[in-house]
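The values are calculated or read from the model by the stated rules, or taken from the named source; none is laboratory data. Owing to the predicted nature of the structure, the values given are computational and were not obtained by experimental measurement. Cβ placement follows ideal geometry from the backbone for every residue including glycine, while neighbour counts extend to all protein chains displayed. For the accessible areas, the whole protein counts, side chains as well, though only heavy atoms, and no ligand, DNA or RNA atoms are used. Shrake-Rupley method; radii C 1.70, N 1.55, O 1.52, S 1.80 Å.
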Amino acid sequence: MKKICLIFYIFQFFIFSEYRYLLNLSCENEKFLRTIKIASFNFISGKEKYNVIKIVDDRGRECKILGVNFLKNEIEVFFNPTDSCNYKVFIGYDDKKKEYEQFRSGKILIDDYIPPDSIKSGAWLWVEKSLSGLYSHTGTSGFSFHRVSFRKQFSVNPDDKIVTYVFIEDDNVEEIMVEVVSRYRKHYYFSFGQDKIDIKGINKEKIGELPEKGKWVKIEVPLLKIRERNLEGIGFYNDKGKVYWDLTSINEIPVKMKIVKAENLISPNTPYFNYEVEGPFKIKDKKIIVLKLDASCFSADRYLWEIDEKNYYGEKVNLKLYCEKKEIDLKLKAEKNKGYGEFSHKINIEEEKEINFNFNILPFESFIYEDEILYIPVRIENMSEIPVKYNLLFQSNNQELFLLPGKENGKTTNLSLNLKDEIKIKLYFYDIELAEKIIKVLSLDDKNYFIDGPFLRKENSYIIFKVPEYKNIKKEEKFSKIIFIGNFPEDLVEFLKEKGFEVLSIKEEKYTNFLFAEFKFIQENLNKIEKDNSFIILFPFLNSLLRRHKINEWEKVYDGILYLLSQKNSNIILCSPFPSYPYLEIFQPYREKIKKISEKRGFYFLDLYKIFSEIGEGERFFKLNEYVYKNFPDKEGFEIVLKEIEKIMKNEKGINNQGGSAR
């Protein structure tokens, strides 16, 4: 039966002369087509006013034509599909037949994303459970609502309608509701199912029963009662359970069919092609159009494209054009079986769309060892009105990112980089450079930089300090002074100075990265340390300890600090943090890192945790009262520390020069 129907329609082609083209249509998303039940295709018609169109599926069943919209040099045909994905279309014209009625085209409100400048309320959750595109949206489980207010208004007519698709997952859902917001914050509520959503002050209208559960179902909300004749927002409600929503529009959005084969029945050598236009985009005062041409629907031996007086070859051609024109003149010439044909078309260019984006480097470790891989997190957000494909270029790598509009659709990618003196990370749109981030790797003695929140910066570049491999070789030379380095309270500074010691104590700065400030403090005070003529006692700075900086970065910064100090003087005692009474575990990780550095690099290590734990009731030196503890011991407690330091200095020859505890 199927073959008989097809033979009948092909036979009809040769009897009735009004047919000029035979097209084969196809749709890849069968579920989408069967749910929406409206399809359309665009056909390049030139100046011809085709008014005879017949569409049949692969079983010979004829489809109803819903309307034909005549565009400039093209027509868009709307029809009701069957349960098939493949169709044949007969196109022609008849002077005696009237033109088809125009089909009211829909306007998408939400599909995969909402416009970046919209205002959201409620819980918007995007999930990969979709009918159209990539995502559907839902709220929280149980009673849920989420609403969006658009920045622009959409005009509506009394015979317009809201069309959306819903998937009710849970059996306990009894009511869903669509909210329409118009001018002057007028809210209208339209209900499906039982009256279960009880919100004070709203008047809702029941317009249907609850849609079938466990499948995507189309629901429609008539806009006849929207007196303001515009739409500014839309909301989605369910009384309980889990409900997903997808593809919300004003009026119907058809499924786009693709022409996979095109035959000119009057002139068989005349080719045909499909095309896509991306843009025009406005970038840095340039107007850019991406043109994708595809002649695979017409089989030929050779293809020649003439576009604005330039020639291109091949069945498929992708072009990027810098163009201020509103039309692109295009001609396809094809050779087939020694025959020749050509097909011309003027492509209309719409209004330009500006490319807007956010491109940021996120906080990373600004100190790194020579043999480490560098990881830099980068975030790109598409703030344009349309989806955009970006390219991220770094160290001969090209990473493609397809981003939907909006901050919530941005992507963070962690780049793995080799350690070079200068690293450039560039963001591109096709071959147009949009932005660049530069990272410079410096030696630890470079002072030409500034602290910028979680970053170290130099002019417009980010800074990373490279910690070299080194070993501290202790010398037994005499020294003339002892220098205490840390951030000590004023009374402790006076106490140490009275004893004849020099003190380099950092002052606390507000609104800064304390760990980086401590490193910079050492850099700026190195000139106060006489080379090989001092004994240095370094106490970990309290500011960064109290802020609980990331332990791995803290380790590298202190390794860098000790490297700088070791270049001035090899006689260095490295102290652990003071015990953090009453919660000793707080500073324990930092104590372990300091011990690890001293053993690896060859510094004297003074374990303050061990000293005070071996003293009976060692916490008494830190107590202000029964409930309050200080970060530093009192003078009596510090005398104990000084005695331990004195032991190290007097017994220097007996200490393991490879590091280790002095206790």
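Globularity index of the stretch 263-309 is 1.56 (Cα radius of gyration / 2.2 N^0.38 Å, N = number of residues).
Could you compute the net charge surrounding Lys593? Neighbours are other residues with a C-beta less than 15 Å from the C-beta of Lys593; K and R count +1, D and E count -1.
Values: positive: Arg548, Lys550, Lys556, Arg591, Lys595, Lys596, Lys600, Arg601; negative: Glu365, Glu518, Glu553, Glu555, Asp559, Glu585, Glu592, Glu599, Asp607.
Here the count lands on -1.
Shape summary of the stretch 497-648, radius of gyration then Dmax from alpha carbon positions: 15.3, 46 Å.
Normalised by the number of residues in the stretch 64-124, what is the relative contact order in percent for Cα pairs under 8 Å and 6+ residues apart? Intermediate results must be reported in sequence, preceding the final value.
Values: 36 pairs, mean separation 19.8, N = 61.
Answer for the stretch 64-124 is 33 percent.
Which value, in nm² and rounded to one decimal, describes the direction-averaged projected area of the C-alpha convex hull of the chain? Present the calculation step by step, with values, prior to reporting the outcome.
On the way: hull surface 173.9 nm².
Mean projected area for the chain: 43.5 nm², to one decimal.
Can you give the calculated 222 nm mean residue ellipticity of the chain, where each DSSP H run of n ≥ 4 adds -39,500 (n - 2.57) and the sum is split over every residue, rounded to the nearest 500 deg cm²/dmol? Intermediate results must be reported in sequence, preceding the final value.
On the way: 9 runs with 101 residues, N = 663.
The helix-only estimate for the chain comes to -4500 deg cm²/dmol at 222 nm.
Placing R0 at 56 angstrom, the Cβ-Cβ distance between Glu30 and Glu372 gives a FRET efficiency of 0.65 after rounding to 0.05. Between Asp285 and Lys98, the contour length at 0.36 nm per residue exceeds the Cα-Cα span by 62.6 nm. For Asp452, the residues whose amide H sits under 5 Å from its own are Arg457, ignoring neighbours fewer than 5 places away on the same chain, with H placed 1.01 Å from N. Solvent exposure of the chain amounts to 50 Å² per residue of accessible area, where only protein heavy atoms count and the probe is 1.4 Å.
Would you work out what percent of the accessible area of the chain, with all protein chains in place, is carbon or sulfur (probe 1.4 Å)?
Numbers: 15340 of 32920 Å².
Answer for the chain is 47 percent, counting heavy atoms of protein chains only.
Scanning residues 5 or more positions from Ile355 or on other chains, those with amide H under 5 Å from its amide H are Lys282, with H placed 1.01 Å from N in the peptide plane. Cross-linked pairs Lys471/Lys568; Lys568/Lys647; Lys310/Lys331; Lys510/Lys556; Lys287/Lys424: Cα-Cα separations exceed 18 Å for Lys568/Lys647; Lys510/Lys556; Lys287/Lys424.
Among the listed pairs Lys213/Lys411; Lys107/Lys196; Lys129/Lys282; Lys256/Lys292; Lys72/Lys98, a Cα-Cα separation exceeding 23 Å is found for Lys213/Lys411; Lys107/Lys196; Lys129/Lys282.
A simple rule links phi to the HN-Hα coupling: the Karplus curve 6.51 cos²θ - 1.76 cosθ + 1.60 with θ = phi - 60°, which for the stretch 50-67 gives 5, 10, 10, 9, 10, 10, 10, 7, 6, 10, x, 7, 7, 9, 7, 7, 8, x Hz, with x for Gly and Pro.
Please tell me which of these pairs span more than 22 angstrom C-alpha to C-alpha: Lys478/Lys595; Lys497/Lys643; Lys320/Lys426; Lys31/Lys152? Show your work: numbers first, answer last.
Values: Lys478/Lys595 26 Å; Lys497/Lys643 16 Å; Lys320/Lys426 20 Å; Lys31/Lys152 32 Å.
In this structure, Lys478/Lys595; Lys31/Lys152 exceed 22 Å between Cα atoms.
With a simple spin-label model that places each label point 7 Å from the Cα along the Cα-to-Cβ direction, the separation between Lys206 and Arg620 comes to 8.1 nm. Rg and Dmax over the alpha-carbon atoms of the stretch 431-588 stand at 17.6, 68 Å.
With Cβ to Cβ distances under 13 Å as the rule, what net charge do the other residues near Arg183 carry (K, R +1; D, E -1)?
Details: positive: Lys152, Arg185, Lys186, Arg227, Arg229; negative: Glu228, Glu232.
So the environment of Arg183 carries a net charge of +3.
Mean separation of Cα pairs under 8 Å and 6 or more residues apart, divided by the residue count, gives the stretch 368-424 a relative contact order of 44 percent. Solvent-accessible surface of protein heavy atoms, probed at 1.4 angstrom with all chains present, puts Tyr428, Tyr87 in the order Tyr428, Tyr87, largest first.
Using the Cβ-Cβ distance between Asn525 and Asp170 with R0 set to 51 Å, the FRET efficiency works out to roughly 0.20.
Between the beta carbons of Glu354 and Arg59, assuming R0 = 41 Å, the FRET efficiency works out to 0.30 to the nearest 0.05.
DSSP beta bridges fully contained in the chain are about 80 percent antiparallel. For Arg229, the solvent-accessible surface computed with a 1.4 Å probe is close to 70 Å², ligands and nucleic acids excluded.
With all protein chains present and a 1.4 Å probe, how do Lys242, Lys331 order by accessible area, largest first?
Working: Lys242 30, Lys331 55 Å².
If we order Lys242, Lys331 from most to least accessible, we get Lys331, Lys242.
In this label model, Asn86 and Ile266 are separated by 2.9 nm, measuring between points 7 Å along each Cα→Cβ vector.
Quick one: length gained pulling Lys240 to Leu401 fully straight, 0.36 nm per residue minus the C-alpha distance?
Values: separation 161, 0.36 × 161 = 57.96 nm, distance 3.66 nm.
Net length gain for the segment: 54.3 nm.
In this structure the amide hydrogen of Asn86, modeled in the peptide plane, comes within under 5 Å of the amide hydrogens of Asp58, none closer than 5 places in sequence on its chain.
With a cut-off of 11 Å between beta carbons, the residues surrounding Glu381 carry a summed charge of +2, where Lys and Arg count +1 and Asp and Glu -1.
Assuming a viscosity of 0.890 mPa s and a temperature of 25 °C, what translational diffusion coefficient in µm² per second does Stokes-Einstein assign to the stretch 222-270, Rh being the Kirkwood radius over Cα pairs? Before the final figure, lay out each step's value.
Values: Rh = 16.4 Å.
Value of D from the Cα-based Kirkwood radius: 149 µm²/s.
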